[in-house]
1. Which of rounded, prolate, oblate describes the range A:1-47, given a ≥ b ≥ c as roots of the alpha-carbon gyration tensor eigenvalues and a/c under 1.5 marking rounded, otherwise prolate only if a/b is larger than b/c?
2. I'd like to know which of A:Pro81, B:Leu80, B:Cys22 lies farthest towards the positive end of the charge dipole of the protein assembly as shown, counting +1 on Cβ of Lys and Arg and -1 on Cβ of Asp and Glu.
3. Between B:Thr5 and B:Thr65, 0.36 nm times their residue separation minus their Cα-Cα distance comes to what?
4. Kindly state, to the nearest 0.05, the FRET efficiency for B:Lys52 paired with A:Met27, given R0 = 25 Å and r defined as their beta-carbon distance.
5. On a straight-distance basis, which lysines could pair with B:Lys69 in a cross-link, Cα separation under 27 angstrom, same-chain partners fewer than 8 positions away excluded?
6. In whole Å, what is the distance between the alpha-carbon centres of the range A:62-95 and the range A:13-44?
7. When the Cα atoms of the range B:31-110 are enclosed in a convex hull and the volume is divided per residue, what value in Å³ results?
8. What area, in nm² and to one decimal, does the C-alpha convex hull of the protein assembly as shown cast on average over all directions?
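Please treat every number below as a calculation from the coordinates, not as lab data. The model shown is predicted, which means the values in this text are computed figures rather than measured ones. Note: ideal-geometry Cβ built from the backbone for every residue, glycine included; neighbour counts use all protein chains shown.
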Amino acid sequence: EAQVTQNPRYLITVTGKKLTVTCSQNMNHEYMSWYRQDPGLGLRQIYYSMNVEVTDKGDVPEGYKVSRKEKRNFPLILESPSPNQTSLYFCASSSRGAFGTDTQYFGPGTRLTVL
Amino acid sequence: DAKTTQPPSMDCAEGRAANLPCNHSTISGNEYVYWYRQIHSQGPQYIIHGLKNNETNEMASLIITEDRKSSTLILPHATLRDTAVYYCIVRVASSNTGKLIFGQGTTLQVKP
């Protein structure tokens with residue numbers, strides 16, 4: 001089944017304790033992206049990657065890092081989490097080959113609470 | 001990317017058609033209309049997209065006006081599982097960032 005998986009789905013942590021949220025897709029998609037969703041602010045893009053070893057900042061990259069060493073994986077790293085990073089996080093992927101058809105597939109979400 | 005305007009909420013009776021409107025009066029010629037939905041904190045789900053012709057797939061139909069300034073998503077036979085927030089998004093097909101700009105969307109409540 002074509003899907004985007006994220007782990008963990010739920011995480012409660014404390015300020016300053018480094019954490020990684022994994023994202024993996026099995027559709028051989030070139031493009032992957034991370035969003036965070038907060039009440040009243042909608043979904044905002046954190047980082048994106050056009051292909052392996054190519055990453056770029058989205059709208060809210062502060063406090064986050066990403067890497068794209070393999071096509072299927074795009075982990076989100078919080079080196080020193082802070083309470084304002086408490087949010088619902090979504091990973092997404094898409095094929096960017098055909099014009100007009102790069103629909104995005106989203107993971108199930110990771111709900112992160114930083115105390 | 002063009003902005004969109006959607007009603008904040010709508011109700012629909014189960015089994016009836018749900019018609020969700022979207023205004024995008026500043027849409028450019030190379031911008032597509034995409035519809036996604038989000039069922040209670042799950043990941044957004046792609047529904048359908050179109051440029052200027054009406055489109056239909058197994059989930060829904062998309063009707064785009066001739067001037068492309070508005071569109072309507074039609075769920076032909078709404079079920080309780082269609083209760084969700086529906087987002088109308090306008091953007092070029094392959095943007096530099098791939099970013100989808102999710103507005104506030106329309107919360108569709110399907111009632112028995």
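1. Taking the square roots of the gyration eigenvalues as a ≥ b ≥ c, the range A:1-47 is oblate.
2. Checked the options; the winner is A:Pro81.
3. Values: separation 60, 0.36 × 60 = 21.60 nm, distance 1.50 nm.
Result: 20.1 nm gained on full extension.
4. 0.35
5. Result set, ordered by chain and number: B:Lys3, B:Lys52, B:Lys99.
6. A separation of 4 Å, based on Cα centres.
7. Values: hull volume 7.8 nm³, N = 80.
Taking only Cα atoms, the range B:31-110 has a hull volume of 98 Å³ per residue.
8. Mean shadow area of the hull around the Cα atoms is 12.3 nm².
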